[in-house]
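Worksheet for the structure shown next.
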Amino acid sequence: MNGRTALVALVAVVAFGLGIWVTLQQGDEFGPGPEPTGGYVLDQPRPLPAFELVDEQGAVFTQADFQGHWSLLYFGFTYCPDICPSALGVMAEVKRELDEVDDLDDRYYLVSVDPDRDTPERLAEYVTYFDPAFRGVTGAFDQLDIVTRAAGAVYKVPEAPADEDYLVAHSSTLTLIDPRGRIHAIFTSPFDAAAIARDLERLGAQDLEPGVGP
């Protein structure tokens, strides 16, 4: 095993461990939901705090941009060798399944935690490889931290990388934002695209109206 392969394996282990840690830490806030899911439905959906990021077009992106539709988020980075492409592949499969059976208004995002390399142009090229409708979002670390903390995601960028070929350790979860812009559910790996699609279809059938309710 060469050095880079070993490092990739280490990052994968760290990401998996961080995902387990987050799940355990948040266990008192999440419930199984009305039906079994590939993760956790929040007993009380959590509003997102105010933040300001940029999207793949370089436009300002805030918590208000999540309102009016269901959103599925993955926190990662475009230079990720395997974990992130696999997760976005799952999201693409979820979208295909929902496109076939439902008219759910759903959006899909990669939230990059590697803003120094993941420019809007890079994000636009990367996410649309998986699906032309996919979106990319990134921004300053202090703004990313607001979103990741709210979603229970964690990441670690090397403080002084030796070169541009560094890796970012991160948890591996899919975060579901409801049409009111609230964190509604967290899906944990290993991801099951068919199960996630069924869960989104069921939740969408509840006809949550943006801006209504607590």
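Where a number appears in this text, it was derived from the coordinates with a stated rule and is not lab data. Keep in mind it's a predicted model, so treat the numbers as computed, not measured. Backbone-built Cβ (ideal geometry, glycine too); neighbour counts: all protein chains shown.
Of the residues making up region 122-146, those that are of a type in the set (D, E, K, R) and either under 25 Å from ASP105 (Cα atoms) or surrounded by fewer than 18 Cβ atoms within 10 Å (Cβ to Cβ) (or both) are GLU125, ASP131, ARG135, ASP142, ASP145. The conditions of being of a type in the set (Asp, Glu), over 18 Å from SER71 (Cβ atoms) and part of a loop (DSSP other than H, G, I, E, B) are not met by ASP145. The residue that is surrounded by the fewest Cβ atoms within 10 Å (Cβ to Cβ), among those in region 148-164 that are touching a residue at least 40 places away in the same chain (Cβ under 8 Å) and assigned to a loop (DSSP other than H, G, I, E, B), is GLU164.
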